[in-house]
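Read the structure below first, then the notes.
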């Protein structure tokens with residue numbers, strides 16, 4: 001009996017882990033003074049729970065749903081450190097709007113909970129729109145004695161008619177002459193990402 005309870009509890013652990021995180025999203029609705037048209041900019045710092053793909057999907061879905069609801073159809077940019085890599089289930093959810101239930105990152109459904117990780121519509125990545133690919137990396141960090149980590153974790157996701165027209169060029173990892181960031185020239189382990197956008 002105890003083994004069954006532990007097994008059942010572990011199948012839903014991602015829900016508990018997700019709930020314990022206190023990350024907050026921030027959004028602002030702005031109005032163009034010339035045209036009076038509105039657009040929304042939102043940001044989120046995703047928990048660093050890379051070992052739990054289902055928890056990352058839950059957080060990605062919740063922030064995506066919140067941002068789309070807050071925008072209420074207005075052009076939208078959702079930016080932040082998402083702590084997900086291109087091709088991760090949470091990234092696929094954001095850029096496709098839905099996630100196949102067979103995905104290893106799809107949260108275990110709960111009978112009494114109708115919520116599902118599905119968005120009103122997909123987001124597009126600004127860098128993918130402009131460059132045809134995500135940056136080679138946006139984060140280069142070393143923690144204690146671990147090997148340095150280098151990959152793309154930061155994104156400018158756009159939707160509701162917002163689109164990127166240009167993006168700040170970023171270095172390739174082969175062109176970086178440092179053991180990790182920060183350095184004297186790079187003040188953070190995350191590089192600056194930026195894009196020109198229109199709607």
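The values are calculated or read from the model by the stated rules, or taken from the named source; none is laboratory data. Please read these numbers as outputs of a predicted model, since none were measured by experiment. We place every Cβ from the backbone using ideal geometry, glycine too, and count neighbours over all the protein chains shown.
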Of all residues in region 167-187 being over 13 Å from residue 141 (Cα atoms) and touching a strand residue (DSSP E or B) at 6+ places or on another chain (Cβ under 8 Å), which is surrounded by the most Cβ atoms within 10 Å (Cβ to Cβ)?
-> 167
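For residues that are in a loop (DSSP other than H, G, I, E, B) and touching a strand residue (DSSP E or B) at 6+ places or on another chain (Cβ under 7 Å), scanning just region 75-121, find the one that is nearest to residue 135 (Cα to Cα).
We begin by selecting, within region 75-121, every residue in a loop (DSSP other than H, G, I, E, B); these are 75, 82-88, 97-121.
From what is left, the residues that are touching a strand residue (DSSP E or B) at 6+ places or on another chain (Cβ under 7 Å) are 75, 82, 85, 121.
Values: 75: 23, 82: 14, 85: 11, 121: 23 Å.
By that ranking, first place goes to 85.
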Only one residue in 124, 88, 196, 136 is modelled with pLDDT of 95 or more, surrounded by 15 or more Cβ atoms within 10 Å (Cβ to Cβ) and within 23 Å of residue 27 (Cα to Cα). Which one?
-> 124
Just need a number here: residues in region 32-76 that are within 12 Å of the chain's Cα centre (by Cα) and more than 26 Å from residue 12 (Cα to Cα).
-> 2
Which condition breaks for residue 42 when tested against (1) closer than 24 Å to residue 139 by Cα; (2) surrounded by fewer than 19 Cβ atoms within 10 Å (Cβ to Cβ)?
-> (2)
Within region 8-16, can one find any residue that is touching a helix residue (DSSP H, G or I) at 6+ places or on another chain (Cβ under 6 Å), farther than 28 Å from residue 162 by Cβ and at pLDDT below 95?
-> yes
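Is one or more of the residues making up region 96-103 crowded, with 21+ Cβ neighbours inside 10 Å and modelled with pLDDT of 95 or more? Working first, answer last.
Just the residues of region 96-103 that are crowded, with 21+ Cβ neighbours inside 10 Å, to begin with: 99.
Remaining after also requiring modelled with pLDDT of 95 or more: 99.
Taking every residue of region 96-103 in turn, at least one turns out to be crowded, with 21+ Cβ neighbours inside 10 Å and modelled with pLDDT of 95 or more.
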Kindly indicate whether any position in region 55-69 is farther than 15 Å from residue 82 by Cβ, touching a residue at least 60 places away in the same chain (Cβ under 8 Å) and surrounded by 15 or more Cβ atoms within 10 Å (Cβ to Cβ).
-> yes
Does any residue in region 7-21 that is more than 14 Å from residue 51 (Cβ to Cβ) come within less than 9 Å, Cβ to Cβ, of a residue that is at pLDDT below 75 and part of a helix (DSSP H, G or I) six or more places away or on a different chain, and which pairs are these?
-> 16/9
Inspect all residues belonging to region 40-63 and state whether any of them is at pLDDT 95 or above, in contact with a strand residue (DSSP E or B) (Cβ under 7 Å, 6 or more places away or on another chain) and more than 17 Å from residue 154 (Cβ to Cβ).
-> yes
State whether one or more residues within region 139-152 are surrounded by fewer than 16 Cβ atoms within 10 Å (Cβ to Cβ), touching a strand residue (DSSP E or B) at 6+ places or on another chain (Cβ under 8 Å) and not in a loop (DSSP other than H, G, I, E, B).
-> yes
